[in-house]
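Working notes, beginning with the structure itself.
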Amino acid sequence: MSQDTTAATTVAIFCKVVDNYGDIGICWRLARQLEREHGSAVTLWVDDLQSFRRICPEVMADADLQCVAGVSIRHWHGQDGMFSREDIADIVIEFFGCDIPPGYIAAMAECRPRPVWLNLEGLSAEEWVEGCHALPSMHPRLPLTKYFFFPGFTAKTGGLLHEATLEEQRLQFQSDRAARSDFLARLGLTAEDIAALKVSLFCYPHAPVAALFDAWAGNDRPVACLVPEGVAVDAVRAFLGADGRPGAVRTRGALTVRVLPFVPQPDYDRLLWACDVNLVRGEDSFVRAQWAGKPFLWHIYPQDKNLHHVKLRAFLQRYAPDVDSMTAMSLRWNGATTDGMEGQPGLPALWAQYQADMPKLADAAEAWRRQVLANGDLAGNLLKFAGAKRSMPAENEV
Ligand code: TRH
């Protein structure tokens, strides 16, 4: 553990990939930002380098130790028992309660001062989050305290990940028509696709994609649906009449469905900035869509007993609550309502209203971004929190 006060703060992030790309997507974004903007020396421990490689192709899937973008990446696979005091970072972050190695925890307890230990939680707009953010939890045996750090949308939470130059990059890209067209053309889009209403589609397999395709096929203006390889596989195959390989494309009525390659994380941002509407999912793409300044629809990660519908409604109550079509379309997209339920119109009518409200939703996106960023960004808030705890070591050592 670094004792020299002039040395960079060391940060260790532990990430277990539960499924998909959100776990590593969030940890990688946080790691890079801490290194680049705050000069922290970051080690990212991750158990699944294959998933990591999909969002960051520079990552080697078979290296125990590598350095990418200034971040040390360690393949985490049962290295318990090999940690000493010198290995321990000043700030230790476990993502989503991923149980860091007992040997690492034991070495943490040996350090003076003790590291600040945080459990970075999942994102929810529910009110209880404000009461739980920053709560301490004592280790049952060792003199260590772990703090819950919750991302969120209000000043009483840790905020959201947002890089310092993101807004500038987005505005530059969105105001440069040639750069946008070049980017889309490199992904295989034709001039017709670029002129159409461009929708990026990223959702879980149970989304009513086939029904939305039908609605778009009958739309009053052409729609180009851009779907990364591996997403909505069944509906895309049914629409194309073939497997959804990158480059595969088919037009029916007003709708063209085009399969894109799964792109590296920075290009995914550009895709969101270049599209007119973004259908996103999980946590990280959901947050990125909020920074894109465009209308979006969230397909939330499913939970038992439809708990995710509670989370979805909590978000919708905060985000553009006066635009009814956003709520109606979001609930339908997530199976929280069905056609005809609660007097709901069918999906084509819901979409038509949503499309008509897109200018209002673009304004709402800008207002939302300003409102949320007034609370600072997650990486900065996290360092501030850890800094305050480090200056009161006694609290950590009870
Ligand atoms: O992939 P997700 O569904 O991930 C997660 C996990 O399932 C996780 O266990 C769960 O806790 C969480 O959802 C709620 O969705 P998410 O969070 O949007 O992460 C996707 C990441 O993949 C994000 O960092 C953006 C990135 N991405 C690319 O880099 N390129 C692409 O082409 C696409 C489509 C996504």
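Screening the stretch 271-291 for residues that are out of contact with any Pro (no Cβ under 7 Å at 6 or more places or on another chain) and not in a helix (DSSP H, G or I) and picking the one that is farthest from the ligand (Cβ to nearest atom) gives Asp276.
For the stretch 222-235, does any single residue satisfy the condition of being closer than 25 Å to Gly152 by Cα, assigned to a helix (DSSP H, G or I) and either within 16 Å of the ligand (Cβ to nearest atom) or not hydrophobic (A, V, I, L, M, F, W, C) (or both)? Even if it seems obvious, please write down each step before you answer.
Residues of the stretch 222-235 closer than 25 Å to Gly152 by Cα: none.
There is no residue in the stretch 222-235 that is closer than 25 Å to Gly152 by Cα, assigned to a helix (DSSP H, G or I) and either within 16 Å of the ligand (Cβ to nearest atom) or not hydrophobic (A, V, I, L, M, F, W, C) (or both).
If I filter the stretch 124-141 for residues that are assigned to a loop (DSSP other than H, G, I, E, B), touching a residue at least 40 places away in the same chain (Cβ under 8 Å), within 14 Å of the ligand (Cβ to nearest atom) and among the polar types (S, T, N, Q), do I get at least one hit?
From the stretch 124-141, those assigned to a loop (DSSP other than H, G, I, E, B) are 124-127, 133-135, 139-141; that's our starting set.
So of that shortlist, the ones also touching a residue at least 40 places away in the same chain (Cβ under 8 Å) come out as 124-127, 134.
If we keep only those that are within 14 Å of the ligand (Cβ to nearest atom) as well, we get 124-125.
So of that shortlist, the ones also among the polar types (S, T, N, Q) come out as 124.
Among the residues of the stretch 124-141, at least one is assigned to a loop (DSSP other than H, G, I, E, B), touching a residue at least 40 places away in the same chain (Cβ under 8 Å), within 14 Å of the ligand (Cβ to nearest atom) and among the polar types (S, T, N, Q), which makes the answer yes.
Taking the conditions (1) within 17 Å of Val199 (Cα to Cα); (2) out of contact with any Lys or Arg (no Cβ under 9 Å at 6 or more places or on another chain); (3) surrounded by fewer than 20 Cβ atoms within 10 Å (Cβ to Cβ) in turn, Gly335 satisfies each one other than (1).
Going by the conditions given, is Val59 at pLDDT below 95 and within 16 Å of the ligand (Cβ to nearest atom)? Please lay out each step first, then the result.
Details: at pLDDT below 95: no; within 16 Å of the ligand (Cβ to nearest atom): yes.
No; evaluated as a whole, the condition is false for this residue.
Arg318 meets all of the listed conditions (1) in the same structural domain as Asp276 (by TED's automatic domain parsing); (2) without any contact (Cβ under 8 Å) to a residue 24 or more places away in the chain but one, namely (2). Set side by side, the residues Met329, Met341 differ, and just one is crowded, with 19+ Cβ neighbours inside 10 Å and farther than 17 Å from Gly152 by Cβ, which is Met329.
From the list Arg141, Arg112, exactly one residue is more than 20 Å from the chain's Cα centre (by Cα), at pLDDT 95 or above, outside the structural domain of Gln265 (by TED's automatic domain parsing) and not β-branched (Val, Ile, Thr). Which is it? Within the list Arg141, Arg112, the selection yields Arg141. Phe150 - would you say it is aromatic (Phe, Trp, Tyr) and either crowded, with 17+ Cβ neighbours inside 10 Å or within 18 Å of the chain's Cα centre (by Cα) (or both)? Considered against the rule, which asks whether it is aromatic (Phe, Trp, Tyr) and either crowded, with 17+ Cβ neighbours inside 10 Å or within 18 Å of the chain's Cα centre (by Cα) (or both), Phe150 comes out as yes. Among the residues of the stretch 81-97, those identified as closer than 18 Å to Leu382 by Cβ and either of a type in the set (D, E, K, R) or touching a strand residue (DSSP E or B) at 6+ places or on another chain (Cβ under 6 Å) (or both) are Ala89, Asp90, Ile91, Val92, Ile93, Glu94, Phe95, Gly97.
Could you check, for the stretch 277-295, whether at least one of its residues is touching a residue at least 40 places away in the same chain (Cβ under 8 Å), acidic (Asp, Glu) and within 18 Å of Ala320 (Cβ to Cβ)?
Taking the stretch 277-295 first, the residues touching a residue at least 40 places away in the same chain (Cβ under 8 Å) are 277-287, 290-295.
Within this subset, residues satisfying the condition of being acidic (Asp, Glu) are 283-284.
Then drop every residue that is not within 18 Å of Ala320 (Cβ to Cβ), which leaves none.
No, that holds for no residue.
Just one of the numbered conditions (1) over 21 Å from Tyr301 (Cα atoms); (2) free of Cβ contacts under 8 Å to residues at least 60 places away in the same chain is not true of Glu86: (2). Within the stretch 261-270, if we keep just the residues that are more than 7 Å from the ligand (Cβ to nearest atom) and under 16 Å from Cys225 (Cα atoms), the residue that is surrounded by the fewest Cβ atoms within 10 Å (Cβ to Cβ) turns out to be Pro261.
Residues in the stretch 46-57: is at least one over 22 Å from the mean Cα position of the chain (by Cα) and not assigned by TED's automatic domain parsing to the domain that holds Gln265? Checked the stretch 46-57: no residue is over 22 Å from the mean Cα position of the chain (by Cα) and not assigned by TED's automatic domain parsing to the domain that holds Gln265. Scanning the stretch 15-37 for residues that are in contact with a helix residue (DSSP H, G or I) (Cβ under 8 Å, 6 or more places away or on another chain) and more than 10 Å from the ligand (Cβ to nearest atom) returns Cys15, Leu30, Gln33, Leu34, Glu37. In the stretch 244-266, the residues that are at positive phi form Cβ pairs under 7 Å with partners that are outside any loop (DSSP other than H, G, I, E, B), at six or more places apart or across chains, as follows: Gly247/Val259; Gly253/Ala217. Within the option set Ser40, Ser51, being within 12 Å of the ligand (Cβ to nearest atom), polar (S, T, N, Q) and at pLDDT 95 or above holds for one residue only, Ser51. Restricting attention to the stretch 292-331, the residues that are at pLDDT 95 or above, assigned to a helix (DSSP H, G or I) and of a type in the set (Lys, Arg) add up to 3.
The values are calculated or read from the model by the stated rules, or taken from the named source; none is laboratory data. Nothing here was measured: the structure is a model prediction, and the numbers come from that model. Backbone-built Cβ (ideal geometry, glycine too); neighbour counts: all protein chains shown.
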